[in-house]
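*Asks:* Structure below; questions to follow.
The values are calculated or read from the model by the stated rules, or taken from the named source; none is laboratory data. Here the structure is a predicted model, which means the values were calculated and not measured. FYI the Cβ positions are ideal-geometry reconstructions off the backbone, even for glycines, and counts take in every protein chain you see. Accessible surface areas use protein heavy atoms only, side chains included; no ligands, DNA or RNA. Shrake-Rupley method; radii C 1.70, N 1.55, O 1.52, S 1.80 Å.
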Amino acid sequence: MPTEKSPDRNEKQPTTKELEHRLQNVTSENEGETGQIFANALVREIHQRALPASTDDEWKRLTNDLALCLAGLVEDEYLVLSYKRGNYYVQFAAQGQFGMRAEAASNAYIVPAKARLTTDDYVAMGKLSWQVPTDLPMQESGREVLDLTGDLPKLLTEVPVVMADPDGSPNFFVDVPCPVDFGSLSELAVRTFREVYRVRHPGQLQYKAFSRNAAQIRLPTLRLKRDET
């Protein structure tokens with residue numbers, strides 16, 4: 001008894017252009033019911049290939065691409081993903097044998113006030129495994145102090161607050177030791193953008209990558225727009 005031949009997974013699949021050419025041949029050479037069935041099948045296949053990827057698929061693609069890019073960073077190289085329409089960001093610092101630090105924007109840097117995170121958002125960040133911010137972002141500027149904690153930056157003449165935890169941050173943060181699980185770190189960033197910052201699509205993100213000496217790094221495999229500011 002003849003057995004049905006199983007499909008060869010290594011067989012080269014026809015391109016969309018080749019399918020369109022087959023469709024033209026079918027419609028010109030076959031006018032019967034069989035030809036119509038074959039033509040309909042080709043039309044469905046062509047339309048299926050033309051459908052844009054779903055939003056979930058795009059986020060999965062970004063998760064994979066980001067993991068690969070993070071794995072390629074060497075010590076003292078940095079990558080920042082940010083929302084094009086607001087000050088939401090997740091940034092990464094490669095620390096060589098000490099692993100990698102990731103930080104995500106907290107209310108200390110999010111403006112305007114209506115864009116700030118809620119108490120529930122802070123709880124959600126903790127559930128995602130982020131460490132809560134430990135310090136106020138006070139920076140010296142000559143004899144004055146630049147205070148970034150309010151709605152708008154303002155200069156103060158007070159002595160800047162001494163950071164209570166030298167390993168902390170005014171951002172949400174997490175330190176990942178070697179060997180770094182880049183897949184999990186990438187997933188953390190994506191979930192933060194989706195679930196807390198409520199970014200709808202990866203196309204709303206941009207990136208900036210650079211080394212310690214400020215040399216810019218291009219990451220075309222990330223498939224995001226590069227922030228050139």
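*Asks:* If you go through the stretch 87-96 one residue at a time, do you hit one that is under 15 Å from the mean Cα position of the chain (by Cα), at pLDDT below 95 and surrounded by fewer than 17 Cβ atoms within 10 Å (Cβ to Cβ)?
*Replies:* Within the stretch 87-96 (the criterion being under 15 Å from the mean Cα position of the chain (by Cα), at pLDDT below 95 and surrounded by fewer than 17 Cβ atoms within 10 Å (Cβ to Cβ)), the answer is yes, since at least one residue qualifies.
*Asks:* So, in the stretch 166-191, exactly how many residues are touching a residue at least 12 places away in the same chain (Cβ under 8 Å) and assigned to a helix (DSSP H, G or I)?
*Replies:* 9
*Asks:* Give me a count of the residues in the stretch 192-203 that are assigned to a helix (DSSP H, G or I) and surrounded by 16 or more Cβ atoms within 10 Å (Cβ to Cβ).
*Replies:* 5
*Asks:* Would you pick out the residues in the stretch 97-112 that are open to solvent by less than 30 Å² (accessible area, probe 1.4 Å) and free of Cβ contacts under 8 Å to residues at least 40 places away in the same chain?
*Replies:* Scanning the stretch 97-112 gives a single hit, I110.
*Asks:* Now for a separate question. Got at least one residue in the stretch 179-187 being touching a helix residue (DSSP H, G or I) at 6+ places or on another chain (Cβ under 7 Å) and either among the polar types (S, T, N, Q) or modelled with pLDDT under 95 (or both)?
*Replies:* Taking every residue of the stretch 179-187 in turn, at least one turns out to be touching a helix residue (DSSP H, G or I) at 6+ places or on another chain (Cβ under 7 Å) and either among the polar types (S, T, N, Q) or modelled with pLDDT under 95 (or both).
*Asks:* Check the stretch 62-81 and report whether any residue there is surrounded by 13 or more Cβ atoms within 10 Å (Cβ to Cβ), hydroxyl-bearing (S, T, Y) and modelled with pLDDT of 95 or more.
*Replies:* Yes.
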